[in-house]
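The values are calculated or read from the model by the stated rules, or taken from the named source; none is laboratory data. All of these numbers come straight from a predicted model, not from anything done at the bench. Heads up, the Cβs are rebuilt from the backbone with ideal geometry, glycines too, and the neighbour counts pull from every protein chain shown.
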Amino acid sequence: MEKKTDKRLTKADSNLVLIGMPGVGKSTLGVLIAKALSAPFLDTDLHIQAEHGKRLHEIITEAGLDHFKRVEEAAVCGLNVTGTVIATGGSVVYSQRAMAHLKTRGIVLWLDLSCSLLEQRLGDLDARGVVRAPGQTLQGLYDERKPLYQRYADARIPLDGLNHEKAAEAVIAAWQSLFRTKD
Ligand SMILES: Nc1ncnc2c1ncn2[C@@H]1O[C@H](COP(=O)(O)OP(=O)(O)OP(=O)(O)O)[C@@H](O)[C@H]1O
Ligand SMILES: O=C(O)C1=C[C@@H](O)[C@@H](O)[C@H](O)C1
Ligand SMILES: [Mg+2]
């Protein structure tokens, strides 16, 4: 894993940033985690949709994947929040700039789930607007992204077999233990 948490960040100031494959639970778990930590919650996908007045898959269909990646990078690099739980889009790791921006202001936690479970959760990938090459399978996408999630994460949280509540607890435990080792 690339660069660890900035030692100067305090727990109160630091953002808790969730990365991982589409459908792994960044948005749904992010809300539960924010609630448990009494922290604000921000979903970068919703932020982009509100800014553009469009669904993400419409942006992708109308303007293409590269355009969407630029939109996502600009939206993430424009964030200026602290102490916030941030659910990112699964494709944010394609932007080195966006990840550097997130890492200087927070701890990045990679939510990981096996592909067979992801497949059960996700419906039509095209309807969901996933950033992938035409015909690329979910396994192919996972293999492509895994080194990126690994590079940017301060910790990986394996979620197989955990329901929403247990998964949120696992994320919070990882976050707390990272601060314990930091202090
Ligand atoms: N631990 C869990 N157990 C069972 N289902 C879950 C769990 N976590 C999330 N889900 C379900 O998986 C689906 C996808 O979750 P969610 O939208 O939060 O994923 P995401 O990571 O934000 O995806 P995207 O990158 O597309 O925004 C939702 O229906 C959610 O309720
Ligand atoms: O993993 C992806 O490729 C994506 C996930 C979503 O969160 C959105 O950011 C968008 O639909 C792309
Ligand atoms: Mg989401």
Problem set entry | Lone qualifier among 39, 75, 34, 98 - being touching a residue at least 24 places away in the same chain (Cβ under 8 Å) and either assigned to a loop (DSSP other than H, G, I, E, B) or polar (S, T, N, Q) (or both) | 39
Exercise. Using beta carbons and a limit of 6 Å, which pairs, at least six apart or on different chains, have the first residue in segment 107-135 and part of a strand (DSSP E or B) and the second one surrounded by fewer than 14 Cβ atoms within 10 Å (Cβ to Cβ)?
Worked result: 112/158
Exercise. Do the conditions hold for residue 30, that is, is it within 13 Å of ligand 2 (Cβ to nearest atom), in contact with a strand residue (DSSP E or B) (Cβ under 6 Å, 6 or more places away or on another chain) and at positive phi?
Worked result: no
Exercise. Does segment 65-73 contain any residue that is more than 14 Å from residue 171 (Cβ to Cβ), at pLDDT below 95 and of a type outside the set (D, E, K, R)?
Worked result: yes
For this session: Report yes if some residue within segment 42-51 is part of a helix (DSSP H, G or I), closer than 15 Å to residue 23 by Cα, within 12 Å of ligand 2 (Cβ to nearest atom) and in contact with a Leu (Cβ under 8 Å, 6 or more places away or on another chain); otherwise report no.
Result: yes
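Please verify whether residue 29 is within 11 Å of ligand 3 (Cβ to nearest atom), closer than 30 Å to residue 166 by Cβ and not in a loop (DSSP other than H, G, I, E, B), treating the condition exactly as stated.
Values: within 11 Å of ligand 3 (Cβ to nearest atom): yes; closer than 30 Å to residue 166 by Cβ: yes; not in a loop (DSSP other than H, G, I, E, B): yes.
Spelling it out, residue 29 is indeed within 11 Å of ligand 3 (Cβ to nearest atom), closer than 30 Å to residue 166 by Cβ and not in a loop (DSSP other than H, G, I, E, B).
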Exercise. Does residue 172 satisfy the condition of being among the β-branched types (Val, Ile, Thr), touching a Leu at 6+ places or on another chain (Cβ under 6 Å) and surrounded by 13 or more Cβ atoms within 10 Å (Cβ to Cβ)?
Worked result: no
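Of all residues in segment 127-139 being within 19 Å of the chain's Cα centre (by Cα) and away from ligand 1 (no atom under 11 Å from the Cβ), which is surrounded by the fewest Cβ atoms within 10 Å (Cβ to Cβ)? Don't jump to the end; show me each part of the working.
We begin by selecting, within segment 127-139, every residue within 19 Å of the chain's Cα centre (by Cα); these are 128-132, 138-139.
Subsequent filtering for residues that are away from ligand 1 (no atom under 11 Å from the Cβ) retains 132, 138-139.
Details: 132: 19, 138: 18, 139: 12.
That would be 139.
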For this session: Identify, by number, the condition in (1) at pLDDT below 95; (2) surrounded by 22 or more Cβ atoms within 10 Å (Cβ to Cβ) that residue 111 doesn't meet.
Result: (1)
Exercise. Being surrounded by fewer than 22 Cβ atoms within 10 Å (Cβ to Cβ), under 21 Å from residue 118 (Cα atoms) and in contact with an Asp or Glu (Cβ under 6 Å, 6 or more places away or on another chain), is that true of even one residue in segment 17-38?
Worked result: yes
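From the list 81, 171, exactly one residue is closer than 18 Å to residue 46 by Cβ and of a type in the set (Val, Ile, Thr). Which is it? Walk me through how you get there before you give the answer.
Working: 171 fails: closer than 18 Å to residue 46 by Cβ.
One residue alone meets the criteria, 81.
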